[in-house]
Amino acid sequence: MSTFKINIVAGPLWSNDEAQKLGGRIAAAHLGKFTGQWSTIVEGEMSVIEVEYDTQPTGSTEYTMDVLAGPLWSIEDAKEVCPAICASYGGTWNGQWTTVVEGKMSVCGCVFKF
């Protein structure tokens, strides 16, 4: 199975010790593995950590969660947008969506395997 790596925002990290301490937890929250690499992207304000993923999510445990998707206007709009939104988090769309703030924000139902 092949893998890929991406950077995920981690808030400000003040030292390598802090990054090594928190990186694994942040990566796990995104269903990935911390590579040990990190960098500051805005001095004193924001850092990123490098997270590695398998190309195909595996595991026997499933968890469903709604993720923010911006405004969705119809089921047709959700069918276009939600699969990509869920994939961006490492999940798959379960066909569900709802508007949480009229005209401003909707969520997509995403299934995660781990």
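The set of residues in the range 42-67 that are touching a residue at least 24 places away in the same chain (Cβ under 8 Å), farther than 15 Å from Phe112 by Cα and part of a strand (DSSP E or B) comprises Met46, Ser47, Val48, Ile49, Glu50, Val51, Glu52. Residues of the range 71-84 that are more than 15 Å from the chain's Cα centre (by Cα) and either in a loop (DSSP other than H, G, I, E, B) or touching a residue at least 12 places away in the same chain (Cβ under 8 Å) (or both): Pro71, Leu72, Trp73, Ser74, Ile75, Ala78, Val81. Report, by residue number, each residue of the range 4-29 that is among the polar types (S, T, N, Q) and either surrounded by 14 or more Cβ atoms within 10 Å (Cβ to Cβ) or under 16 Å from the mean Cα position of the chain (by Cα) (or both). Answer for the range 4-29, where residues must be among the polar types (S, T, N, Q) and either surrounded by 14 or more Cβ atoms within 10 Å (Cβ to Cβ) or under 16 Å from the mean Cα position of the chain (by Cα) (or both): Asn7, Gln20. For beta carbons closer than 9 Å, sequence separation of 6+ or different chains, a first residue in the range 11-29 that is charged (D, E, K, R) and a second that is modelled with pLDDT of 95 or more and buried (at least 16 other Cβ atoms within 10 Å of the Cβ), the qualifying pairs are Arg25/Phe34. For the range 99-114, residues that are assigned to a strand (DSSP E or B) and either exposed (fewer than 13 other Cβ atoms within 10 Å of the Cβ) or of a type in the set (A, V, I, L, M, F, W, C) (or both) total 8. Mind listing whichever residues of the range 30-41 are in a strand (DSSP E or B) and either of a type in the set (Lys, Arg) or buried (at least 16 other Cβ atoms within 10 Å of the Cβ) (or both)? Scanning the range 30-41 gives Lys33, Phe34, Trp38. One residue stands out in the range 42-76 among those that are small (Gly, Ala, Ser) and touching a Pro at 6+ places or on another chain (Cβ under 9 Å): the one that is surrounded by the most Cβ atoms within 10 Å (Cβ to Cβ), namely Ser47.
The values are calculated or read from the model by the stated rules, or taken from the named source; none is laboratory data. What you are looking at is a predicted structure, and each value in this text was computed from that prediction instead of being measured. Positions of Cβ are generated from backbone atoms using ideal geometry, with glycine treated the same way; all protein chains shown enter the neighbour counts.
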